[in-house]
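Okay, so here's the structure we're looking at.
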Amino acid sequence: MTTSEAPAKRRQRGPTDPDRRGRIARAAIKVIGEQGVNALTHRKVAAAAEVPLGSTTYHFATLDDLIAAALATAAERSVAQLREWERALPPDADIAEALADFVMDSVSDKREDTMAEYNLYALALHRPRLRKAAVDWDRALADVLSDRTDSVTGRMLGVLLCGLLMQAVLSDEPEDRGELVLLLRRALDGSA
């Protein structure tokens, strides 16, 4: 080697993509939202995340690991969206109207995300490893809603919101916003 030739540079090791694990989990949510849990494979997730297949199996050795990460990510995202929604409401907001809008947005513009979330949530029924994340999700939802009401009402609204969203994504019929407002108002006020 002559003095003018520089040695070949070695590729630098280390975290070149610090969000790769998160991107893979979000891609799993996308695949589940589009095709369902039974269609989930490392290969489909790798394609959706635009990463090599080996990255998905490196970060998540099994599909159960991938599903657990997807559930945790979906729960975090869902609660963050609800917190953002709650913070954006004026202090004197009509909670029944505001929650009806939240449901309508969740089953129209965000329908695929909502479907993925409830696919993952329902898996916890038969996969004990997922239960803590699902229960924590429920608690966080109730906590956010309690900020506008009280703890008992917040929990009741969380249960009602889960049921309304689940029914809405199961149905092919569009949701009736007016009916949602009536249901939520009845729950909040005890009257229609």
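Only the coordinates and a few stated rules stand behind these numbers; no lab work does. Note that the structure is a prediction, hence the values are computed from the model and not measured. Don't worry about glycine lacking a Cβ; one is built from the backbone with ideal geometry, like all the others, and counts go over all protein chains shown.
Of His126, Pro91, Leu165, which is farthest towards the positive pole of the range 70-189's charge dipole, taken about the Cα centre with +1 and -1 on the beta-carbons of Lys, Arg and Asp, Glu respectively? Looking along the dipole axis, the top candidate is His126.
Running a GNM on the chain with Cα contacts under 10 Å, which residue among Ala88, Ala48, Ala124 ends up with the highest mean-square fluctuation? Highest fluctuation among the options: Ala88. Footprinting exposure proxy ranking of Ser55, Ser106, Ser171, fewest other C-beta atoms within 10 angstrom first, gives Ser171, Ser55, Ser106. Placing a pseudo-label 7 Å from each Cα along the Cα-to-Cβ vector at Gln81 and Thr41 gives an inter-label distance of 2.8 nm.
Helix-only mean residue ellipticity at 222 nm, the chain, DSSP H runs n ≥ 4 weighted -39,500 (n - 2.57), per residue, nearest 500. What is it? Write down the numbers at each step before the final one.
Values: 9 runs with 135 residues, N = 192.
Calculated at 222 nm, the ellipticity per residue is -23000 deg cm²/dmol.
The phi-based Karplus calculation (6.51 cos²θ - 1.76 cosθ + 1.60; θ = phi - 60°) puts the 3J(HN,Hα) values of the range 84-100 at 4, 4, 5, 5, 7, 6, x, x, 9, 4, 7, 5, 4, 5, 5, 5, 4 Hz, whole numbers, x for Gly and Pro. Each Lys and Arg adds +1 at its Cβ and each Asp and Glu adds -1 at its Cβ; summed about the Cα centre, the chain shows a dipole of about 1380 debye. Cβ crowding within 10 Å ranks Thr56, Thr62, Thr73 as Thr62, Thr73, Thr56, fewest other Cβ atoms first.
Taken over the alpha carbons of the range 70-189 as equal point scatterers, the Debye sum produces base-10 log I(q)/I(0) values at 0.12 Å⁻¹ of -0.41.
Treating only the Cβ atoms of Lys and Arg (+1) and Asp and Glu (-1) as charged, compute the dipole magnitude of the range 37-142 about its Cα centre; round to the nearest 20 debye.
Working: 12 positive and 17 negative charges, 146 e Å.
Here the range 37-142 has a charge dipole of around 700 debye.
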